[in-house]
Amino acid sequence: MAQPREQWASRFGFIMAAVGSAVGLGNMWRFSYLTAENGGAAFVVLYLLMTAFIGLPVMLAELTVGRGARRSPIGALQHFGGERWRLLGALFVAAGFLILAYYSVIAGWTVRYALIGLIDGFGGDAGERFAAIATGPRAVLWHLLFMGATVGVVMGGVRGGIERVALVLMPLLFVILVGLAVYAATLPGAAAGYRYYLEFELAGIWDMDVLAEAAGQAFFSLSLGMGAMLTFASYLPRESHLPNESLVVAGADFGVAFVSGLVVFPVLFALGLQEQVGDSTVGALFITLPTAFAEMGAAGRVVGAFFFTALVVGALTSAISLLEVVVSSLIDGLGWERHHAAFLIGVTIALLGIPAALDTDVLSAMDTLAGQFFLMLGGLGLALFVGWRMADPEGEVRAGAEGVRWFFLWRWLLRLVVPGFLLFVLWSMRESLAAAVTGLAGGGLE
Ligand code: PHE
C-alpha cells in the first residue's frame, strides 16, 4: 500500500525549493515598503533580530518535526504528540488553503504586469490600469491560470516537479534581481533612494505595532507557521544538517528582500516619485513602480518586465509549497494518488480565490486572517509542541548535526521567548483580526 516516501535528489535541490517557498511576494511586495515606512535601517535591524530569535527557532522546529516524522503536518504532529495534536496540523492545512487562494490572485496580477511590460510598456494611467487588473473577470482568469501552473508543477512530484522547477527558477530570480540592483545603482536617484531606504531612525520602530508587523513579516516571508517547511523537510534524508539548512534558507530570504529594496528605491527616487508611495503596499508595487518604469522609456520596459518576471517566479515557487502542504496531507492521510489530490485541491482553492479576485477587501481580509493570524497561531502551537511536548527534539536535530552546541538555547527560545512574544503579537492583532472576520462573515461581496 504505502509507497516509499519521495525524497529530494540533492541537498541543493531542497535548498532551492525551500528558498523558493520563502522568497515570494512577501519579499518584494512588503519588506522594502515596511522598511521605508518604519525607520529604515532600524527596521532592518529589528527584522534581523526577529528572524534570529523568533523565526529561526521555529524554522528549525518545523524542519525537525518534518524530517523526524517523514510525514506531512497532520501525521507528523500525531507521530510525535498523539491524536490531539492533529488539530494543529489541521490548522496548518487550513492556512495553506486560504493563503494560496488569495496569494494566487496577486500572483495573477504579477503575471499580467510582466506581460504588459514585455508587450507594450507601462504607459497610460497607472491607477486605472491597476483597478482594471486587480478585480473582475480578468483577475479571475489570471488567478485560474496561475493556479493551473501551480497544480501542474505539484503533480510532477517532489523531484520531477517541485525540485526541478526550483532548480531552474530560483537561480534565474537571483540573476535578475542582482542585475536589476546593479542597474539601479547607476540611476541618478540611487544615493537618495538608498538614504531613504536605509536611514537609521530609531523612532520609527519605537512602536508596538511596528514590532508586531516585523514579526508578522518574518513569519510570512520565511513561510513559517503552516507546515510548508515541515512538509519539505519530510522529504529530507536523515543525515541532513538542519541548523545549517535553516540558516541558509533564512539568509537567502533576507538577502532577496534586502536587495529588492536596493532596486525599488533608486528607481522611485530617480523619477521623483517617492512622495507617491502612498499608504498601501499594493499601491507602491503595482501603481507607483510601473509609473516609474513608464517614465524610464525603453529601458523601463525591459527593467519592468524583468522585475515583474522575478515576482512571478517568486510567487510560483511559494505557491507550489503552499499547495504541497495540502496535497501531501491527502496523500499521507487518505492514501490519495498525487495527481488526483493536486487536481482536486487545486480546483477547490481556485474557487475559493474567486471572491478575492472580485473584491480586494476580501483579499486583504483573507490576508489578515490566514496570512497573519493563522501563521502566528500556528507558530505558537508549534513552538509549544517542540518546546514542551516532543520528547527529544534535540536528539532529532542531532542526527546529521552532531557538533552543534546551542541546543539548550533553542529549546528555551521555543519554550518561553517565542510563545511569549507571539502571544503578545496575537493580542495586538485582535482589532484588525476582528475587522477581517466580520468583513468576511458579513459577505464582503456586496
Ligand atoms: N514566504 C512566501 C512569501 O514571502 C509566502 C508563503 C507563506 C509561502 C507561507 C508559503 C507559506 O511570499
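The values are calculated or read from the model by the stated rules, or taken from the named source; none is laboratory data. What you see is a predicted model; the values in this text were computed from it and never measured. Every residue, glycine among them, receives a Cβ derived from its backbone with ideal geometry; neighbour counts consider all protein chains shown. In case anyone asks, the SASA skips ligands and DNA or RNA and just uses the protein heavy atoms, side chains included. Shrake-Rupley method; radii C 1.70, N 1.55, O 1.52, S 1.80 Å.
Could we say that Val312 is within 16 Å of the ligand (Cβ to nearest atom) and open to solvent by 10 Å² or more (accessible area, probe 1.4 Å) here?
Against the criterion (within 16 Å of the ligand (Cβ to nearest atom) and open to solvent by 10 Å² or more (accessible area, probe 1.4 Å)), Val312 qualifies.
Just to check your reading of the model, which residue among Phe306, Phe293 is more than 16 Å from the ligand (Cβ to nearest atom), assigned to a helix (DSSP H, G or I) and open to solvent by 30 Å² or more (accessible area, probe 1.4 Å)?
Exactly one residue qualifies, and that residue is Phe306.
Quick check: is even one residue across the range 17-31 more than 16 Å from the ligand (Cβ to nearest atom) and surrounded by 24 or more Cβ atoms within 10 Å (Cβ to Cβ)?
Taking every residue of the range 17-31 in turn, none turns out to be more than 16 Å from the ligand (Cβ to nearest atom) and surrounded by 24 or more Cβ atoms within 10 Å (Cβ to Cβ).
List the helices (runs of 4 or more DSSP H) that sit entirely inside the range 317-416 and contain at least 3 residues that are free of Cβ contacts under 8 Å to residues at least 60 places away in the same chain.
338-358, 393-398, 407-412
Name the single residue that is nearest to the ligand (Cβ to nearest atom) among those in the range 37-46 being touching a Gly at 6+ places or on another chain (Cβ under 6 Å) and assigned to a loop (DSSP other than H, G, I, E, B).
Result: Asn38.
Looking for whichever is at pLDDT below 95, under 25 Å from Thr186 (Cα atoms) and in contact with an Asp or Glu (Cβ under 8 Å, 6 or more places away or on another chain) here; the options are Leu262, Leu271, Leu289. Which one fits?
Every option except Leu271 fails the conditions.
Among (1) away from the ligand (no atom under 14 Å from the Cβ); (2) under 30 Å from Phe308 (Cα atoms), where does Val93 come up short?
(1)
Within the range 226-255, track down each residue that is within 11 Å of the ligand (Cβ to nearest atom) and more than 20 Å from Phe53 (Cα to Cα).
The answer is Thr231, Phe232.
Restricting to the range 206-229, give me the number of residues that are open to solvent by 10 Å² or more (accessible area, probe 1.4 Å), assigned to a helix (DSSP H, G or I) and small (Gly, Ala, Ser).
Number satisfying all stated conditions: 1.
For the range 323-339, indicate whether the set of residues that are touching a His at 6+ places or on another chain (Cβ under 9 Å) and away from the ligand (no atom under 16 Å from the Cβ) is non-empty.
Yes.
Testing Gln7 on (1) assigned to a helix (DSSP H, G or I); (2) modelled with pLDDT of 95 or more; (3) open to solvent by 10 Å² or more (accessible area, probe 1.4 Å), one condition comes back false. Which one is that?
All conditions are met except number (1).
What about Gly89, is it of a type in the set (Gly, Ala, Ser), farther than 20 Å from Val313 by Cα and surrounded by 24 or more Cβ atoms within 10 Å (Cβ to Cβ)?
yes
Which ones in the range 339-356 are open to solvent by less than 30 Å² (accessible area, probe 1.4 Å) and within 12 Å of Val326 (Cβ to Cβ)?
Scanning the range 339-356 gives Ala341, Ala342, Ile345, Gly346, Ile349.
Need the failing condition index for Glu239 against (1) at pLDDT 85 or above; (2) open to solvent by 40 Å² or more (accessible area, probe 1.4 Å); (3) assigned to a helix (DSSP H, G or I), just the number.
Of everything listed in (1) at pLDDT 85 or above; (2) open to solvent by 40 Å² or more (accessible area, probe 1.4 Å); (3) assigned to a helix (DSSP H, G or I), Glu239 misses just condition (3).
From the list Leu49, Leu87, Leu60, Leu34, which one is part of a helix (DSSP H, G or I) and within 16 Å of the ligand (Cβ to nearest atom)?
Leu34
With the requirement that a residue be open to solvent by 30 Å² or more (accessible area, probe 1.4 Å), away from the ligand (no atom under 15 Å from the Cβ) and not hydroxyl-bearing (Ser, Thr, Tyr), what does the range 357-394 give you?
Leu358, Asp361, Leu384, Trp388, Arg389, Ala391, Asp392, Glu394
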